[in-house]
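Notes to accompany the following structure.
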Amino acid sequence: KDIPGTSAISPGSSKECAPDSESPSGTGEADYCRRILVRDAKGTIREIVLPKGLDLDRPKRTRTSFTAEQLYRLELEFQRCQYVVGRERTELARQLNLSETQVG
């Protein structure tokens, strides 16, 4: 699988993961890690260790673009109280036309 700005060479299991004698693969390496080889922009091949459960194909969540007014209000609230919860959070989200998750 590709990582932005790199090109994958070959997947495998990691040498850097702790050995696991119980590993069903019989390699003596941890079953929860994998290594991929990538080529950077200069052509250098590097090894990257990743958890096997990491889903590199899942699309990234888009980042919220806040308006200047939304940022101003959110920063004011943060200065007043770092954790906005409950009714205050619901009301602030409604006023700024954001979801409660975006406010929090």
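The values are calculated or read from the model by the stated rules, or taken from the named source; none is laboratory data. What you see is a predicted model; the values in this text were computed from it and never measured. In this analysis, Cβ positions are derived from the backbone assuming ideal geometry, glycine residues included, and neighbour counts consider all displayed protein chains. Note: accessible area is taken over every heavy atom of the protein model, side chains too, but ligands, DNA and RNA are not part of it. Shrake-Rupley method; radii C 1.70, N 1.55, O 1.52, S 1.80 Å.
Based on what the data block shows, is Ile9 among the β-branched types (Val, Ile, Thr), modelled with pLDDT of 85 or more, touching a Lys or Arg at 6+ places or on another chain (Cβ under 7 Å) and open to solvent by 70 Å² or more (accessible area, probe 1.4 Å)? Taking the combined requirement at face value, the residue does not satisfy it. Scanning the range 42-81 for residues that are among the charged types (D, E, K, R), more than 16 Å from Ser99 (Cα to Cα) and within 18 Å of the chain's Cα centre (by Cα), which turns out most open to solvent (accessible area, probe 1.4 Å)? Checked the range 42-81; the qualifying residue most open to solvent (accessible area, probe 1.4 Å) is Lys60.
Taking first residues from the range 42-62 that are modelled with pLDDT of 85 or more and among the β-branched types (Val, Ile, Thr) and partners that are open to solvent by 80 Å² or more (accessible area, probe 1.4 Å) and not in a loop (DSSP other than H, G, I, E, B), the Cβ contacts under 7 Å between residues at least 6 apart in sequence or on separate chains come to Ile45/Arg39.
The residue that is nearest to the chain's Cα centre (by Cα), among those in the range 15-41 that are at pLDDT 80 or above and part of a loop (DSSP other than H, G, I, E, B), is Asp40. Where helices (runs of 4 or more DSSP H) fall wholly inside the range 61-104, the ranges with 2 or more residues that are hydrophobic (A, V, I, L, M, F, W, C) are 68-80, 86-96. Looking at the range 96-104, can you tell me whether even one residue there is more than 25 Å from the chain's Cα centre (by Cα) and modelled with pLDDT of 90 or more? Looking for residues that are more than 25 Å from the chain's Cα centre (by Cα) and modelled with pLDDT of 90 or more, one finds at least one in the range 96-104, hence yes. For the range 82-94, filtering for residues that are open to solvent by 90 Å² or more (accessible area, probe 1.4 Å) and of a type outside the set (Ser, Thr, Tyr) leaves 5. What pairs come up if the first residue lies in the range 70-91 and is polar (S, T, N, Q), the second is open to solvent by 70 Å² or more (accessible area, probe 1.4 Å) and in a helix (DSSP H, G or I), and their beta carbons are under 7 Å apart, counting only those six or more places apart or on different chains? Within 7 Å, the pairs are Thr90/Glu100.
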